[in-house]
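Peer 1: One structure, pasted below without further comment.
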Amino acid sequence: MEYDSLNPDDTYELAKKLGQQAKAGDVICLIGDLGVGKTLFSQGFARGVGIEEYVNSPTFTIVQEYEGTDDRRLKLYHFDVYRIEDSEEMEEVGFTDMIYGDGVSLIEWADMISDILPDKYTKVTIEKNLEKGFDYRKIVVTEIG
């Protein structure tokens, strides 16, 4: 599916809808350049999962765990792998246990660890197109596997 986001609110609301549909075991991989809105997308997604606390990108801690407060009580494992040097580092933070666990995993910069992603995941690519406006984003959601 391809979506046109005309402003940050559009991106947030799309992500929130995807979060509302998420279930335990889902892995969502965010791909996009710096400044395209991966963290904003993560915030909307987290709200859809039922996370009420503020969500920011765990750039230096690699992963942040949240627990939803809605009826589903889903856990959200929010990864930002921008600063890792080797995908083997992911095992040090319990990556495999989390992505195959009882929560939803959201991975920013997932293309950097493509060699350890599960066979099945949802790929979300966010791209700018300045010809369509400063706030415009093309968001492509693809089921892999």
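Peer 1: Please identify the pairs in which a residue from the range 14-31 that is closer than 17 Å to GLY103 by Cα has its Cβ atom under 6 Å from the Cβ atom of a residue that is open to solvent by 60 Å² or more (accessible area, probe 1.4 Å) and modelled with pLDDT under 95, counting only partners at least 6 apart or on another chain.
Peer 2: Correct list of pairs: ALA24/ASP102.
Peer 1: OK, next. Just to be sure before I move on: is ASP10 over 20 Å from ARG73 (Cα atoms) and assigned to a helix (DSSP H, G or I) in the structure I sent?
Peer 2: Against the criterion (over 20 Å from ARG73 (Cα atoms) and assigned to a helix (DSSP H, G or I)), ASP10 qualifies.
Peer 1: Also, I was wondering about something else. Restricting to strands (runs of 3 or more DSSP E) lying wholly in the range 73-143: which have 2 or more residues that are modelled with pLDDT of 95 or more, open to solvent by 20 Å² or more (accessible area, probe 1.4 Å) and of a type outside the set (A, V, I, L, M, F, W, C)?
Peer 2: Strands (runs of 3 or more DSSP E) meeting the threshold: 121-128.
Peer 1: Restricting attention to the range 125-143, which residues are under 30 Å from ASP97 (Cα atoms) and in contact with a Gly (Cβ under 8 Å, 6 or more places away or on another chain)?
Peer 2: THR125, ILE126
Peer 1: Okay, next question. Quick check on my filter: what residues within the range 41-55 are without any contact (Cβ under 8 Å) to a residue 40 or more places away in the chain and surrounded by 14 or more Cβ atoms within 10 Å (Cβ to Cβ)?
Peer 2: GLN43, GLY44, ARG47, GLY48, GLY50, ILE51, VAL55
Peer 1: I'd like to know if the range 47-54 contains one or more residues that are more than 15 Å from LEU18 (Cα to Cα) and assigned to a helix (DSSP H, G or I).
Peer 2: For the range 47-54, residues more than 15 Å from LEU18 (Cα to Cα) and assigned to a helix (DSSP H, G or I): absent.
Peer 1: OK, next. Of the residues LYS123, LYS138, only one is within 14 Å of the chain's Cα centre (by Cα) and among the charged types (D, E, K, R); which?
Peer 2: Just one listed residue meets the conditions, LYS123.
Peer 1: Right, another one. If PRO58 satisfies every condition in (1) without any contact (Cβ under 8 Å) to a residue 40 or more places away in the chain; (2) within 25 Å of ASP9 (Cα to Cα); (3) open to solvent by 70 Å² or more (accessible area, probe 1.4 Å); (4) assigned to a loop (DSSP other than H, G, I, E, B) but one, which is the exception?
Peer 2: (3)
The values are calculated or read from the model by the stated rules, or taken from the named source; none is laboratory data. Note that the coordinates shown come from a computational prediction; the quantities given were computed from them, not determined experimentally. Note that each Cβ is placed from the backbone with ideal geometry, even for glycine, and that neighbours are counted across all protein chains shown. Just the protein is used for accessible areas: all its heavy atoms, side chains included, with ligands, DNA and RNA removed. Shrake-Rupley method; radii C 1.70, N 1.55, O 1.52, S 1.80 Å.
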